[in-house]
Amino acid sequence: MPQLALLYGRAWAALFGQLRRPPRAVCIQMVHSRSQVAEAVLTSQQKPHQEKSNFIIKTPKGTRDLSPQQMVVREKILDMVVSCFKRHGAKGLDTPAFELKEMLTEKYGEDSGLIYDLKDQGGELLSLRYDLTVPFARYLAMNKLKKMKRYHVGKVWRRESPTIVQGRYREFCQCDFDIAGQFDPMIPDAECLKIICEILSGLQLGDFLIKVNDRRILDGMFAVCGVPESKFHAICSSIDKLDKISWKDVRHEMVAKKGLAPEVADQIGDYVQCHGGVSLVEQMFQDPRLSQNKQALEGLGDLKLLFEYLTLFGIAEKISFDLSLARGLDYYTGVIYEAVLLQTPAQAEEEPLNVGSVAAGGRYDGLVGMFDPKGHKVPCVGLSIGVERIFSIVEQRMKTFGEKVRTTETQVFVATPQKNFLQERLKLIAELWDAGIKAELLYKNNPKLLTQLHYCENTGIPLVVIIGEQELKEGVIKLRLVASREEVAIKRENLVAEIQKRLSES
């Protein structure tokens, strides 16, 4: 055995010696390789610096960060919107940020080109959601639900040219409310319009108008004007642009780009310039051409009933029957609506901000059936609040009037005028937190009292509790009102109750 070990040892030594002494050619090659490695390392060390000089730190086009100040305003808007949805009995729902691509295709008409497709991941073709309506319809079909009243707040993505100043982005938040189920005509639709009125009135954005129309009236109008049925959706998409471009430009698009006969376009022009209240609905019932179309008559009948309910809700004066309203999305089947803000003389000092519609929606009775294998339909109607556009308006008004926003909700600051009181401050703040009081302290062992008081004034914290040697000895805490700088001594055991009392009174 010792001889065998010796033989193995010599064999390994010989092999190791060969490995340690490579031939001259190999040595030269290694020298070249080392110099190449050194050069590569040097280049890699320089490269980040070269790249950094050309690198611009920014958010992607059509997106933005929200500062703490902006988040406060945004959360207040969302809280008001969601509280209204809940007041009307809606349940919360969330769906994935991306869906199977096939779930989203052929649902949005011409806007399908704005959908963000994702690279193939794990064998599935995926797309970012374009809105919250199609995922809701997919959810209903997938879970075989026939009835639901839901709200959903979430981000959606669209590959359009962003206009940040008008509140248009590629990534933005939507707030949706929808009623799914078979109900008597126009009752859920009227409630959706009431919700829009409540939200816009509550946000105090100024005067507004809600335009309403019906896709059946539009289709009837196209039919009696001579539009081929195959062009209905395409012409509807053109009409939908009337709030952005002139009738002349819309007419040109329909004739030159979509092949519509000029005389047909002119007949459509006569209709789309009509808008008014329930009297216009009555007038359209008497129209010699529209009154001959079954679809149009169904739409007009529902609009007449809708105005009766809107009158009972006390909001009929906020609603305008507008034949130019089209809502370009393919899935709408009945009543459609869109809310716009009206610039009033009282807002003359403000810079005009053209943000388009601030809320919109309509009836889509066939969308759920597109996902159901047997084509079972679930009638739906809903609305979407344009949070980003509303936020742009509120933000601009705050800048105009110089309004300031508190970025924290801290109610009490724990301070000390002396050194070596960190332990007492930590015990005190834990007591406040445990009582549900929003409190802060400075993360320093021995902060200066003036620094602590300045912090409270700058951040708008209303109360300061001060603990020092004298207070500790007497078993009290000094309570300071930041606004008036008044100070009172409170017994330690009564501190929480006293703070809660003062906060409830403020």
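Worth pointing out:
- Selection from segment 286-317 of residues that are closer than 17 Å to Lys194 by Cβ and open to solvent by 50 Å² or more (accessible area, probe 1.4 Å): Glu308, Tyr309, Thr311, Leu312, Phe313, Glu317
Yes/no matrix, rows are residues, columns are (1) under 20 Å from the mean Cα position of the chain (by Cα); (2) in the same structural domain as Phe371 (by the TED database); (3) without any contact (Cβ under 8 Å) to a residue 12 or more places away in the chain:
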| position | (1), (2), (3) |
| --- | --- |
| Thr133 | yes, yes, no |
| Leu140 | no, yes, no |
| Asn143 | no, yes, yes |
| Val153 | yes, yes, no |
| Cys175 | yes, yes, no |
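- Among residues of segment 294-318 that are in the same structural domain as Ser279 (by the TED database), those with a beta-carbon under 6 Å from a residue that is of a type in the set (A, V, I, L, M, F, W, C) and open to solvent by 60 Å² or more (accessible area, probe 1.4 Å) at least six positions away or on a different chain give the pairs Phe307/Val278.
- Screening segment 368-414 for residues that are among the basic types (Lys, Arg) and touching a residue at least 24 places away in the same chain (Cβ under 8 Å) and picking the one that is nearest to Tyr455 (Cα to Cα) gives Arg406.
- Subset of segment 74-108 that is small (Gly, Ala, Ser), within 20 Å of Ile179 (Cα to Cα) and part of a loop (DSSP other than H, G, I, E, B) - its residue that is least open to solvent (accessible area, probe 1.4 Å): Ala90
- Yes/no for Val255 being in contact with a strand residue (DSSP E or B) (Cβ under 7 Å, 6 or more places away or on another chain) and assigned to a helix (DSSP H, G or I): no
- Some residue of segment 8-17 being more than 30 Å from Gln204 (Cβ to Cβ), at pLDDT below 85 and outside any helix (DSSP H, G or I): no
Per-residue answers, yes or no, for (1) under 26 Å from Leu66 (Cβ atoms); (2) modelled with pLDDT of 95 or more:
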| position | (1), (2) |
| --- | --- |
| Glu124 | no, no |
| Met142 | no, yes |
| Pro162 | yes, no |
| Phe183 | no, yes |
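- Scanning segment 449-485 for residues that are of a type in the set (Asp, Glu) and within 15 Å of Gln411 (Cα to Cα) turns up just one, Glu457.
- Matching residues in segment 118-131 - criterion: being farther than 21 Å from Met370 by Cα and either of a type outside the set (Gly, Ala, Ser) or in contact (Cβ under 8 Å) with a residue 12 or more places away in the chain (or both): Leu118, Lys119, Asp120, Gln121
- Number of positions in segment 191-208 that are open to solvent by 10 Å² or more (accessible area, probe 1.4 Å) and either touching an Asp or Glu at 6+ places or on another chain (Cβ under 9 Å) or among the charged types (D, E, K, R) (or both): 4
- Condition check for Phe321: assigned to a strand (DSSP E or B), among the hydrophobic types (A, V, I, L, M, F, W, C), open to solvent by less than 50 Å² (accessible area, probe 1.4 Å) and within 12 Å of Val212 (Cα to Cα): yes
- Only a single item in (1) free of Cβ contacts under 8 Å to residues at least 24 places away in the same chain; (2) open to solvent by less than 80 Å² (accessible area, probe 1.4 Å); (3) basic (Lys, Arg) is not met by Arg425, and it is number (1).
- The set of residues from segment 494-506 being over 19 Å from Pro417 (Cα atoms) and either in contact with a strand residue (DSSP E or B) (Cβ under 8 Å, 6 or more places away or on another chain) or in contact (Cβ under 8 Å) with a residue 12 or more places away in the chain (or both) comprises Val496, Glu498, Ile499, Gln500, Arg502, Leu503, Ser506.
- Ala497 vs. criteria surrounded by fewer than 18 Cβ atoms within 10 Å (Cβ to Cβ) and part of a helix (DSSP H, G or I): yes
- Within segment 241-269, considering residues that are among the charged types (D, E, K, R) and exposed (fewer than 12 other Cβ atoms within 10 Å of the Cβ), the one farthest from Ala223 (Cα to Cα): Lys244
- From the list Lys146, Lys119, Lys155, the one residue that fits, being surrounded by fewer than 20 Cβ atoms within 10 Å (Cβ to Cβ) and in a strand (DSSP E or B), is Lys155.
- Sole residue being open to solvent by 90 Å² or more (accessible area, probe 1.4 Å), in a loop (DSSP other than H, G, I, E, B) and assigned by the TED database to the domain that holds Thr333, chosen from Lys419, Lys444, Lys374: Lys374
- Condition check for Tyr331: at pLDDT 95 or above and farther than 20 Å from Cys225 by Cβ: no
- Cβ-Cβ distances below 7 Å connect the following pairs, each with a first residue in segment 261-282 that is in contact (Cβ under 8 Å) with a residue 40 or more places away in the chain, a second residue that is of a type outside the set (A, V, I, L, M, F, W, C) and open to solvent by 70 Å² or more (accessible area, probe 1.4 Å), and a separation of six or more residues or different chains: Val278/Lys304; Val281/Lys304.
- Checked against the criteria, Gln283 counts as more than 28 Å from Lys377 (Cβ to Cβ), in the same structural domain as Met221 (by the TED database) and open to solvent by 30 Å² or more (accessible area, probe 1.4 Å).
- Selected residue (criterion: most open to solvent (accessible area, probe 1.4 Å)) from residues of segment 122-143 that are outside any loop (DSSP other than H, G, I, E, B) and among the aromatic types (Phe, Trp, Tyr): Tyr139
The values are calculated or read from the model by the stated rules, or taken from the named source; none is laboratory data. On a predicted model such as this, the values are computed, not experimentally measured, just so you know. Heads up, the Cβs are rebuilt from the backbone with ideal geometry, glycines too, and the neighbour counts pull from every protein chain shown. Just so you know, the surface numbers come from the protein's heavy atoms only, side chains and all, with ligands and any DNA or RNA stripped out. Shrake-Rupley method; radii C 1.70, N 1.55, O 1.52, S 1.80 Å.
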